[in-house]
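Single-structure report; data block below.
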There are 2 protein chains.
Amino acid sequence: MLKLFEYNWQVRNEWLDWCESVTEEELLKKRTGGPGGILYTLFHIVDVEYSWISWLQGKVPPHEPPFEEYATVQKLRAFSERCHSEIAPFVYGWNSDMERKILEDENSDGEAENFKYGEVMRHVIAHEIHHIGQLSVWSRELGKQPVTANLIRRGLFDE
Amino acid sequence: MLKLFEYNWQVRNEWLDWCESVTEEELLKKRTGGPGGILYTLFHIVDVEYSWISWLQGKVPPHEPPFEEYATVQKLRAFSERCHSEIAPFVYGWNSDMERKILEDENSDGEAENFKYGEVMRHVIAHEIHHIGQLSVWSRELGKQPVTANLIRRGLFDE
């Protein structure tokens, strides 16, 4: 489980580096598909991971902050680092006994809805990889090479 | 590990269903980003999973077959089902003792390159989710709702 989080964090940081070479106008431009723009998609990835894992940590899940407060690469990088520092201890402390713990939620009709902790962890992993796939299409639309999505050859399994 | 494969297989089948409502011309059209088209991307997902897992199973990794032989939804669905039936036993038989087994490869310069089995398994998982993210952008370009990428609420953790 941890390796896939580490993969996501590494890829996310590479996309933030990639953003440094793109104009603010292109980063903020509304695009077709996904959450609707490059920088907002990265913001959304950070926010969703932070919200779910905070909740698993027993905190009140935070509301999405206003994107306007993080709408530059520098501010978004700081937001990502702050969220990461808060949730990383939980991810590194993960063990298989936590798989079946229950997170109690309500659906949009106010009815009880339960998720297993292991389900939420994998949801968060898949969420980020999926949205990064969208960034890769927009990158090619800009005529730029996207960050590699390969998980192999990243040193994640070196000892 | 298994749950993320099951997620991918479920999502892939839903995309194949989605393809039934799209014209052949749109499915085969060359697009910006990703492997270059909707049906070819799904073919590539199946082929890459099949090749890597066959290799982990100790078989000679197959070469990519000609896409032209699978360039309809019906043929691609049959290809996906055939590959799945061959690799599923390995995925269902996965256990943590297999994590650190070594797959010996050569890089493009003919130099020895090793991957851990656990690394390859996660590479295959991330590969499919990433490409599905690309399909979701192209779906919106066609004015169509994409298959949901949510991992929660799929019944994957029901007993």
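The numbers here are math on the coordinates, done by the rules we state, and not lab data. Since this is a predicted model, take the numbers as computed values, not measurements. Glycine gets a Cβ as well: all are built from the backbone with ideal geometry, and neighbour counts include every protein chain shown.
Given the residues A:Ile87, A:Ile53, A:Ile152, which is the only one that is more than 18 Å from the chain's Cα centre (by Cα), hydrophobic (A, V, I, L, M, F, W, C) and more than 17 Å from B:Gly133 (Cβ to Cβ)? Give the steps one after another, and end with the answer.
Values: A:Ile87 fails: more than 18 Å from the chain's Cα centre (by Cα); A:Ile53 fails: more than 18 Å from the chain's Cα centre (by Cα).
Answer to the selection: A:Ile152.
Can you find even one residue in segment A:144-153 that is among the hydroxyl-bearing types (Ser, Thr, Tyr), more than 13 Å from B:Ile152 (Cα to Cα) and at the interface with chain B (Cβ under 8 Å from one of its Cβ atoms)? Lay out the reasoning, then the answer.
Filtering segment A:144-153 for residues among the hydroxyl-bearing types (Ser, Thr, Tyr) gives A:148.
Checking the rest, the ones that are also more than 13 Å from B:Ile152 (Cα to Cα) come to A:148.
In the following step, the residues that additionally are at the interface with chain B (Cβ under 8 Å from one of its Cβ atoms) were identified as none.
The answer is no; no qualifying residue exists.
When you scan segment B:1-73 for helices (runs of 4 or more DSSP H) that lie fully inside it, which ones turn up with 1 or more residues that are crowded, with 20+ Cβ neighbours inside 10 Å and of a type in the set (Phe, Trp, Tyr)?
Numbers: elements: B:2-19, B:24-28, B:38-56.
Those helices (runs of 4 or more DSSP H) span B:2-19, B:38-56.
Return the pairs, sorted by first residue and then second, in which the second residue is part of a helix (DSSP H, G or I), the first residue lies in segment B:1-19 and is of a type in the set (Lys, Arg), the beta carbons are less than 6 Å apart, and the residues are 6+ apart or on different chains.
The qualifying pairs are B:Lys3/A:Arg122.
Answer yes or no as to whether A:Glu119 is surrounded by 10 or more Cβ atoms within 10 Å (Cβ to Cβ) and of a type in the set (D, E, K, R). Steps first, please.
Numbers: surrounded by 10 or more Cβ atoms within 10 Å (Cβ to Cβ): yes; of a type in the set (D, E, K, R): yes.
Considered against the rule, which asks whether it is surrounded by 10 or more Cβ atoms within 10 Å (Cβ to Cβ) and of a type in the set (D, E, K, R), A:Glu119 comes out as yes.
Give the residue that is farthest from the other protein chains (Cβ to nearest Cβ), with candidates limited to residues of segment B:126-140 that are farther than 20 Å from A:Phe5 by Cα and free of Cβ contacts under 8 Å to residues at least 24 places away in the same chain. Don't jump to the end; show me each part of the working.
First, the residues of segment B:126-140 that are farther than 20 Å from A:Phe5 by Cα: B:134-140.
Right, trim to free of Cβ contacts under 8 Å to residues at least 24 places away in the same chain and you get B:136, B:140.
Working: B:Ser136: 6, B:Arg140: 4 Å.
Across segment B:126-140, the extreme among qualifying residues is B:Ser136.
When you scan segment B:122-159, how many residues do you find that are among the small types (Gly, Ala, Ser), surrounded by fewer than 17 Cβ atoms within 10 Å (Cβ to Cβ) and farther than 17 Å from A:Gly34 by Cα?
Start the filter on segment B:122-159 by keeping residues that are among the small types (Gly, Ala, Ser), which leaves B:126, B:133, B:136, B:139, B:143, B:149, B:155.
Now narrow it down to the ones that are surrounded by fewer than 17 Cβ atoms within 10 Å (Cβ to Cβ): B:143, B:155.
Those still in the list that are farther than 17 Å from A:Gly34 by Cα too: B:155.
Selection size over segment B:122-159: 1.
Test of understanding: among B:Val91, B:Val46, B:Val60, which residue is touching a Cys at 6+ places or on another chain (Cβ under 6 Å) and away from chain A (no Cβ under 12 Å)?
Working: B:Val91 fails: touching a Cys at 6+ places or on another chain (Cβ under 6 Å); B:Val60 fails: touching a Cys at 6+ places or on another chain (Cβ under 6 Å).
Only one candidate passes the filter, namely B:Val46.
For segment B:56-84, give me the residue count where each residue is over 16 Å from the mean Cα position of the chain (by Cα) and either among the basic types (Lys, Arg) or closer than 16 Å to B:Glu128 by Cα (or both).
1
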